[in-house]
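Reviewing the structure listed below.
The values are calculated or read from the model by the stated rules, or taken from the named source; none is laboratory data. Just so it is clear, the model here is predicted, and its values are computed rather than measured. In this analysis, Cβ positions are derived from the backbone assuming ideal geometry, glycine residues included, and neighbour counts consider all displayed protein chains. To get the accessible areas, we keep the full protein, side chains included, count just its heavy atoms, and leave off ligands, DNA and RNA. Shrake-Rupley method; radii C 1.70, N 1.55, O 1.52, S 1.80 Å.
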Amino acid sequence: MPTEIAPGIHRLATDYPHVCGLPLWLHVLDAGDELILLDAGIASTPEAATGPELKKLGLDLADLTLVVNSHAHPDHMGGNAILKDRSGARLAAPATEAGWLEDNDALVSELWGSDPAAMDLDDAERAELYEMLGDRVRIDVLLRDGDHLPAADRPVRVITTSGHSPGHIAVLDERTRTLFSFDDVQGRGQPYLDGKVWLAPLYTDVGRYTSGLRRLLELDFDALVPSHGDLLDADQGRRKIEQSLEWVDDVHKFTTGRLRTKGSLTVRDLAGAIGTELGDFGGICLQTVRMARAHLELLARQGGAEPRWHHPG
Ligand SMILES: [Zn+2]
C-alpha cells in the first residue's frame, strides 16, 4: 500500500527490488491541477508497479500530468515511453541530461563505455541494460537550477546537484519541506537486499559531487527522501550528507596513498582496489570505475598525478 510521507505526497513501491536487488521508491505529488510522478522507474515499472500502486489510491496512470526524471540512469527514466503512452503526461528533466534521456546509445556508450580499458559490458549485460531503458521519448520540459516544476498550486523547486550524474537534480517541496535527493546522497554505499555485496557510491566528478552535497546541507528541510532507501528526518538526512562527504575524503586519501606507493596506476587498478579494500563492492564495476577516474582526474588537476597513454605492445 502506498504510504503518505507528507500531505499530498505518496511513496509508491516498484518492481526494482525483484529485478535488481535494491530498493527503489517513486513518489506521486498531488499538486491540484497537476498529478506529478517523481521518476519513472525502469521500463517494466509503470505496468508492474506504478499502475497498481496508483489504483490503491483511487488513481490511474492516465491521471498523471507530469513525470519528472531526476537524472539519466535506467531506474529513473526507463518508464518514460510507457508513461507517456498511457497518460500523455509531459516529461520534465534536467536540461543538461536531455541528450542522454533521448538517446540510449549515447547514454550507454558515454557512461558504461567511458573507460574501455577498465571495464566493458558483455552482450548479456548490454541487452539487460537496454531492456531496463525501454524506448526513448522527447523531454517536453527542460529543468534548470532554481526553476519550479510547472505546477501552479504547489511550489516544488529544482536544485541542480550534479556529481552523481552530470545534471542530477534534487527537488524541494517547499510547502512540506520535503527534499527529494534521489541518488545524490549515497553515504558509503548501500547493501544489496541479498546482503552479499554493497552498491558503491557513483559520481563522475569529485568537485561537482561535493559542491552538490554542500548545497543540500544549506537547505531547510524536514525530511530527506532518497530513491533507494527510507525517508530520513532532518538530523538523519544531514548526517547522511556528512557521511557522503567523508566518503569522498576517504577515497581521495586512499587514491593519493595508493599512487604514492605504486608509482603508477590505471583506472582499472584503482577501481579494483576501491571495490575490494575500501568497501565490499565486488571489485570492478561502473561505480568503482567512475569513482577511480574521478579521483585520478582531481589529483591530476591538483598536480599530484600525471595522466599517460602508452602503446600496448
Ligand atoms: Zn543514479
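Just a few scattered comments:
- The single residue among 144, 154, 215 that is of a type in the set (Lys, Arg), within 28 Å of residue 113 (Cα to Cα) and either in contact (Cβ under 8 Å) with a residue 40 or more places away in the chain or within 16 Å of the ligand (Cβ to nearest atom) (or both) turns out to be 144.
- Residue satisfying all of: in region 262-310; among the small types (Gly, Ala, Ser) and outside any loop (DSSP other than H, G, I, E, B); most open to solvent (accessible area, probe 1.4 Å) among these: 300
- Taking region 182-219 as the range and being assigned to a loop (DSSP other than H, G, I, E, B) and more than 13 Å from the chain's Cα centre (by Cα) as the test, the residues that pass are 188, 192, 193, 194, 195, 196, 197, 205, 219.
Table: residues versus (1) under 21 Å from residue 27 (Cβ atoms); (2) among the aromatic types (Phe, Trp, Tyr); (3) touching an Asp or Glu at 6+ places or on another chain (Cβ under 7 Å); (4) at pLDDT 95 or above.
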{"position": "126", "(1), (2), (3), (4)": "no, no, no, yes"}
{"position": "129", "(1), (2), (3), (4)": "no, no, no, yes"}
{"position": "147", "(1), (2), (3), (4)": "yes, no, no, yes"}
{"position": "151", "(1), (2), (3), (4)": "yes, no, yes, no"}
{"position": "157", "(1), (2), (3), (4)": "yes, no, yes, yes"}
{"position": "169", "(1), (2), (3), (4)": "yes, no, no, yes"}
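- Out of 263, 279, one residue alone is among the small types (Gly, Ala, Ser), more than 30 Å from residue 176 (Cβ to Cβ) and in contact with a Phe, Trp or Tyr (Cβ under 8 Å, 6 or more places away or on another chain). It is 279.
- Residue 97 of a type in the set (D, E, K, R), in the same structural domain as residue 27 (by TED's automatic domain parsing) and surrounded by fewer than 22 Cβ atoms within 10 Å (Cβ to Cβ): no
- Qualifying residue in region 111-131 (condition: within 28 Å of residue 5 (Cβ to Cβ) and open to solvent by 10 Å² or more (accessible area, probe 1.4 Å)): no
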